Structures are given as C-alpha cells and as structure tokens.
Amino acid sequence: MFRFDPGLKVYLHREPVDGRKAINGLALLVEQGLSLNPFESAVFVFSNRRRDRIKLLAWDRNGFWLMIKRLEADRFRWPKQEALMVLSVEQLHWLLEGIDLAAMRPHPARSYSQIS
C-alpha cells in the first residue's frame, strides 16, 4: 500500500457524499461547503452513505488525484465527531485499514531528553 507524507494535512468530511461526485464536485464541496482551499497540500476524505467506499481528493502541483477504495464485505468505521475533522496521516492509514479511530490513540511524541 502507498503511504502519505507524515506532514500532510488530512480533512475528513463526516457527512455522506453522493458517490457520483468526481473531482470537480468534490473540489467544489471542499471550497464552498467546507470553506477550504482544494489546492492546498492536503488530502480531503469523503465517504458514501453505506460507508463501504472512501474517496480521497488531493492536489499535486499540476493536477488532482482522486483515489477510491471500495470494501467488498465490510464497512469503514466512520468517526462520529464534528462535521469536519482534522486527522493525522497515521489516523488516515488506520481508517483505510478499517480500524475504529475512536478506539485508537497515537503514542504521545517525546523528545530524546524526556526519555533519558
């Protein structure tokens, strides 16, 4: 599986999105519905009503990427917090693997001086 750069911003749109939306429709939703810039260095995450498909929209220097993951026999465990969530790249990878984000917590970052 591919891995995203750890410093990338990840925005998760919690409400279901019409599965027929493609790049233009999702970019418009980012701009008008979320008041964010679809051209920023970020990944925007969307799901359908059944939560068996995820779409990722990202701008890459001169064009958009639209990635889709469809589950055959399961559903993604979608967070139930606010309408727009900011995730870490690690949390995005957990979500794509089917892990419930509410059950997972990343380890706190420590500097070397705190360990010794």
* To do: Please work out the average accessible area per residue across the chain, using the 1.4 Å probe convention, and give it in Å².
  => 67
* **Segment residue 93-residue 23, length gained on full extension (0.36 nm per residue, minus Cα span)** => 23.1 nm
* Model label zone, residue 15; criterion: amide N under 18 Å from point 7 Å along Cα-to-beta-carbon; scope segment 48-89 -> 48-51, 55, 78-86
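Got a number for carbon plus sulfur as a percent of the chain's accessible area, 1.4 Å probe?
Answer for the chain: carbon and sulfur cover 51 percent of the accessible area.
Per 0.36 nm of contour for each residue apart, how much would the distance between residue 8 and residue 83 grow if the chain were fully extended, relative to their Cα-Cα spacing? If you can, show how the numbers build up before the last one.
Details: separation 75, 0.36 × 75 = 27.00 nm, distance 2.00 nm.
This chain segment gains 25.0 nm when fully extended.
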* Structure fact -> Per residue, the convex hull enclosing the alpha carbons of the chain has a volume in Å³ of 137
* Asked: Mean separation of Cα pairs under 8 Å and 6+ residues apart, divided by the residue count of the chain: what relative contact order is that in percent?
  -> 28
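The values are calculated or read from the model by the stated rules, or taken from the named source; none is laboratory data. Please read all numbers here as calculations on a predicted model, not as lab measurements. No Cβ is skipped: glycine too gets one built from the backbone with ideal geometry, and neighbour counts run over all protein chains shown. Surface accessibility is based on the protein's heavy atoms, side chains included, excluding ligands, DNA and RNA. Shrake-Rupley method; radii C 1.70, N 1.55, O 1.52, S 1.80 Å.
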